[in-house]
Amino acid sequence: MGLLVALSAVFALLAMFFLGRTVRCTRRGRILRAGGSGISFAVCAVLATAAILLTVSYYGYNRLTAEQAVSRIEFVQTGRNEYQARLMVEGEPDRLFALRGDEWQMDARLVTWKPPATILGLDPIYRLERLSGRFTDIGREQNAIRTVHQLSPPQLIDVWYVARRFPALAPGIDAYYGSATYVPMADGARFEVSLSRNALIARPANAAARTAVGKWRSEAR
């Protein structure tokens with residue numbers, strides 16, 4: 001990450017240098033030199049801006065060095081197929097979400113690096129993206145009201161979005177979704193959510209969750 005910051009600083013300094021040179025050459029009537037310096041300034045300014053925005057976007061995500069716990073979630077049933085989900089993320093206030101259905105899923109945005117971006121020494125990064133509920137029964141899933149909640153605010157410049165939408169502009173960046181497998185909601189159930197380098201993993205964390213998962217699996221057979 002230090003290399004990325006250093007590149008931002010170098011390109012910014014070069015842009016300032018060429019800007020000053022452009023002004024000086026213009027004042028002295030050296031139009032050709034001023035034009036060349038102006039082009040160099042524009043290139044360095046674009047590169048500096050891109051490096052700075054990438055740095056800001058990178059810090060908007062969390063580092064992922066191995067499989068690690070990213071959140072806990074517990075449910076309280078508030079009605080038929082209606083639950084209140086309490087999302088607990090380390091270092092953040094707990095948040096409450098209303099979900100409809102009998103299963104839930106969490107999604108995350110994942111960014112990993114490959115050559116040439118690996119020379120920057122960056123760790124894979126992630127950001128929790130959404131929490132949703134759904135019905136096991138396909139008919140109800142097609143006709144019922146969907147409940148989907150955004151977990152992270154949008155960024156002005158998002159390295160994940162740029163890599164997905166404009167891959168030619170982001171060589172060396174892999175951007176994809178990681179999703180927890182649908183697991184059941186139940187009154188009093190608590191789950192631990194971990195993230196590996198390519199997927200979210202939801203594990204039962206109390207008796208209510210283990211009972212719900214066991215019953216859910218037996219019904220699916």
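The values are calculated or read from the model by the stated rules, or taken from the named source; none is laboratory data. Since this is a predicted model, take the numbers as computed values, not measurements. Cβ atoms come from the backbone with ideal geometry, glycine included; neighbour counts cover every protein chain shown.
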Counting only residues in the stretch 198-221 that are modelled with pLDDT under 90 and of a type in the set (S, T, N, Q), the one farthest from R134 (Cα to Cα) is identified as N198
Restricting the stretch 171-210 to residues that are farther than 20 Å from V159 by Cα and acidic (D, E), the one surrounded by the most Cβ atoms within 10 Å (Cβ to Cβ) turns out to be E192
| task | Could you tell me whether L99 is without any contact (Cβ under 8 Å) to a residue 60 or more places away in the chain, in a strand (DSSP E or B) and crowded, with 19+ Cβ neighbours inside 10 Å? | result | no
Being modelled with pLDDT of 80 or more, among the basic types (K, R) and either in the same structural domain as L128 (by TED's automatic domain parsing) or more than 24 Å from the chain's Cα centre (by Cα) (or both) narrows R21, R33, R27, R109 down to just R109
